């Protein structure tokens, strides 16, 4: 087969899988601005699972039939992405991980309304019709989720009590809102009274009753059976479940014990750096310095607006200095928004949502103002550079703007490469120091606190899910690395709820560090760094084995 013929075959497989993904998971389309399925939610029932398996199996078989040895690099990378997405999806179906995901306070059906409200547009009559249709589909969607939870109870595959309780609490907070304060109104905030009335009616008649029924089911049927253990390996077939999640998130078959030891080594090295910075600030330990800084009042925001303004200034400055380190830039900067109050208690300190293809929704960096007295301002800078510039905004927005690539690679590759995505974010935090973006020793200490946090994630994720660590022991380790108690609790409960996800950050960073060393042979001049950064960003989000092949670091 000619190179052109192979390219056509690869593109056909990728395009078919992308279209299937938009059908299977309609919020993917919403997130990138493809509104064709904006009137629907996922089919969580038996028919939906069968449809997933059929479509993913077809794509996997079609990709496997293509001879790869003579493929161009871009085409081989595209098939690697297809393999990773289909392999992960089929493994999750085989192990029925949906039984854990159906009652999850971070990435389950209880969070869907907030996700939809953050992503969906309702600024035309057609879009409003689709949005109202989606709202009215919540009863079927949440009843399907309830049935999945019941299947989990019957088989003993249920989430830990802390996750189940957080999920119920999140639903209770949502239901406590007056219907006129529902997050469902976000997409029609600038609409007419008639538009808002249609949404309010859908919330009153469909959305809220569905959430009330789901919350009652979780309270009455799940909580009595939720596990007191917190590790996934304590469940029936738990070792295989954890291996599936590790591979799905990192694209590598990591050994939990080896990963745990790697985390301990990295944590110890970063702790030494933290002590050195604390000494430069005049304190014998990082804890002593942070306590004094906090007691002075300089480390605490007094209002959410102050926190958001700080993040906005960091986003502006990082955008301005970026051309010295990148030849390739997104077409527009990102915006900063506060995490909505109805979901801030369970959300991480910050996260990023990519822009739509048509620019109708810009890339958005969300920052969490929950429990301000226990939010450390010296952490904000490194979080900003991770989520915005030169972190996820650069990485994802640039990839989406590569118009010559198949949409699966531009918009869907993140499902294949969580470790590369988060590894770049963590790399960006360190790079920001080279870019002179940290204003003082406190922000540099915050960088190291957050780097220690990512090393501690290797320790705590494997500790919780493979070594029987307790929640309290895990929280303490994060606090020892410089995290506040509020952040440590939210984070550990996140690792309990999403086994394997916390491994992405440090594992991905290590791969990028190796690639930089191989590409620049240790050179740190501006031209070498720009060339390396542009090469990495031009690749887009790849599974780590593919990334290793490109840089010869496997």
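Obtain the nm distance between the two label points defined at residue 479 and residue 331 by a simple spin-label model: each point lies 7 Å from its Cα along the Cα-to-C-beta direction.
Each label point lies 7 Å from its Cα, and together they span 4.9 nm.
For the pair residue 287 and residue 51, what calculated FRET efficiency results from E = 1/(1 + (r/R0)^6), where r is the Cβ-Cβ distance and R0 = 51 Å, to the nearest 0.05?
0.45
With a 10 Å Cβ neighbour count serving as the proxy for reagent exposure, in which order, fewest first, do 435, 310 appear?
So the ranking, lowest neighbour count to highest, is 310, 435.
Between residue 115 and residue 358, what length in nm is gained on full extension when 0.36 nm per residue of separation is reduced by their alpha carbon distance?
That works out to 85.5 nm of additional length.
Quick check: pseudo-label points 7 Å beyond the Cα along Cα→Cβ at residue 312 and residue 340, how many nm apart are they?
That separation, rounded to one decimal, is 2.1 nm.
Subtract the Cα-Cα distance of residue 181 and residue 201 from 0.36 nm times their separation in residues, and report this length gain in nm to one decimal.
Additional length available on full extension: 5.9 nm.
Determine, for 318, 70, 118, 528, the number of other Cβ atoms within 10 Å of each Cβ, and report the residues in order from fewest to most.
Ordered from fewest to most neighbouring Cβ atoms within 10 Å, 318, 70, 118, 528 come out as 70, 528, 118, 318.
Between rounded, prolate and oblate, where does the chain land on the alpha carbon gyration tensor, with a ≥ b ≥ c its root eigenvalues, rounded for a/c under 1.5, else prolate if a/b exceeds b/c?
The shape class here is rounded.
Taking neighbour counts of Cβ atoms within 10 Å as a proxy for exposure, in what order, fewest first, do 239, 42 appear?
In increasing order of surrounding Cβ atoms, one gets 239, 42.
Between rounded, prolate and oblate, where does the stretch 249-551 land on the alpha carbon gyration tensor, with a ≥ b ≥ c its root eigenvalues, rounded for a/c under 1.5, else prolate if a/b exceeds b/c?
Since a/c stays below 1.5, the shape of the stretch 249-551 is classed as rounded.
State whether the stretch 374-503 is rounded, prolate or oblate according to the following rule on the C-alpha gyration tensor (a ≥ b ≥ c being the square roots of its eigenvalues): a/c under 1.5 gives rounded; otherwise a/b larger than b/c gives prolate, and the remaining case gives oblate.
Since a/c reaches 1.5 but b/c is at least a/b, the shape of the stretch 374-503 is classed as oblate.
When the chain is fully extended, how far beyond the present Cα-Cα distance does residue 151 get from residue 535, taking 0.36 nm per residue of separation?
133.6 nm is the gain from fully extending residue 151 to residue 535.
Between residue 261 and residue 123, how high is the FRET efficiency from 1/(1 + (r/R0)^6) when r is the Cβ-Cβ distance and R₀ = 56 Å? Nearest 0.05.
0.60
Quick check: pseudo-label points 7 Å beyond the Cα along Cα→Cβ at residue 223 and residue 305, how many nm apart are they?
Going from the residue 223 label point to the residue 305 one covers 3.9 nm.
Suppose R0 equals 60 Å. What FRET efficiency, 1/(1 + (r/R0)^6) with r the Cβ-Cβ distance, do residue 272 and residue 402 give to the nearest 0.05?
Computed FRET efficiency for residue 272 and residue 402 comes out at 0.90.
Values quoted throughout were computed directly from the atomic coordinates according to the rules given, and no laboratory measurement underlies them. All figures in this text were calculated on a predicted structure; none of them were measured in a lab. When we count neighbours, we look across all protein chains shown, and the Cβ atoms used for this are built from the backbone with ideal geometry, even at glycine.
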